[in-house]
Amino acid sequence: MALWVLFHLLLFLVLKPTDANLEGDALFALRREVHDPNNILQSWDPTLVDPCTWFHVTCDSQNRVTRLDLGNAKLSGKLVPDLGKLERLEYLELYMNNLVGPIPAELGNLKSLVSLDLYHNNLTGSIPPSLSNLSNLRFLRLNRNRLTGRIPRELTKLGNLKILDVSNNDLCGTIPSTGSFSKFTEDSFKNNSRLEGPELMGFVRYNVGRCN
């Protein structure tokens, strides 16, 4: 009986997916979704125990992914919701590519994220309100995409946010001016022809503006 229990315990430990395996699966989901003409993701081998030996991936001492550096890599395709599983990710650098489609709401699960750089792509859709969950976020750069809709008021809760750039999109409505947004200049919002404001002491209501 004891041997039978020990056997099943060992089998469980061998077959139990680790966090590193799950993070490797999440990153490989991105590799499957994007076109990589320069083969910079060639080292991303899903048969390895964890992704810490892959190029452009940085891990901590516990083999958890903390950084993804794929800026200016000539990638095209879509972001995947699986990226939201990288619980210890601090830097998500995917700027200056040709990524299309929406920003996954699941990126709001990246509670350790310090920097989210998605600028200079062709992303569409709205800015997910779920990004307001990123309490450690200091840098949010979404400029030079094709994002639409209002700036989520929830983002004003990001007390650690130092840099915000949503310029050169097609955002609409009014610019929030409370919370962390009180310190951002008009350069953060320029070249959004349907964006109005900011909400100056309540004289411009948030729910007005050309969003039709």
I need the full set of residues from the range 52-94 which are within 11 Å of the chain's Cα centre (by Cα) and farther than 12 Å from Glu23 by Cβ, in order please. Leu79, Val80, Pro81, Glu90, Tyr91, Leu92, Glu93, Leu94
Within the range 79-126, take every residue that is in contact (Cβ under 8 Å) with a residue 60 or more places away in the chain and either surrounded by fewer than 18 Cβ atoms within 10 Å (Cβ to Cβ) or touching a helix residue (DSSP H, G or I) at 6+ places or on another chain (Cβ under 6 Å) (or both) and give me the one that is farthest from Asn63 (Cα to Cα). Lys85
Is it the case that Leu30 is outside any loop (DSSP other than H, G, I, E, B) and touching a strand residue (DSSP E or B) at 6+ places or on another chain (Cβ under 9 Å)? yes
Do you know which of the residues in the range 41-75 that are modelled with pLDDT under 95 and among the acidic types (Asp, Glu) is most open to solvent (accessible area, probe 1.4 Å)? Asp45
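In the range 62-102, what residues are touching a Pro at 6+ places or on another chain (Cβ under 6 Å) and assigned to a loop (DSSP other than H, G, I, E, B)?
Step one: of the range 62-102, the residues touching a Pro at 6+ places or on another chain (Cβ under 6 Å) are 74, 79, 81.
Selection gives Lys74, Leu79.
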Of everything in the range 21-39 that's open to solvent by 40 Å² or more (accessible area, probe 1.4 Å) and acidic (Asp, Glu), which residue is nearest to Phe55 (Cα to Cα)? Asp25
Identify all residues within the range 103-121 that are more than 11 Å from the chain's Cα centre (by Cα) and closer than 15 Å to Leu30 by Cα; write none if there are none. none
Mind listing just one residue for me: the one in the range 136-180 that is at positive phi and part of a loop (DSSP other than H, G, I, E, B) and, of those, least open to solvent (accessible area, probe 1.4 Å)? Asn168
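The values are calculated or read from the model by the stated rules, or taken from the named source; none is laboratory data. Keep in mind the model is a prediction, meaning the values are calculated, not measured. Note that each Cβ is placed from the backbone with ideal geometry, even for glycine, and that neighbours are counted across all protein chains shown. Ligands, DNA and RNA are stripped out before the accessible areas are found, and what is left, the full protein with its side chains, is counted by its heavy atoms. Shrake-Rupley method; radii C 1.70, N 1.55, O 1.52, S 1.80 Å.
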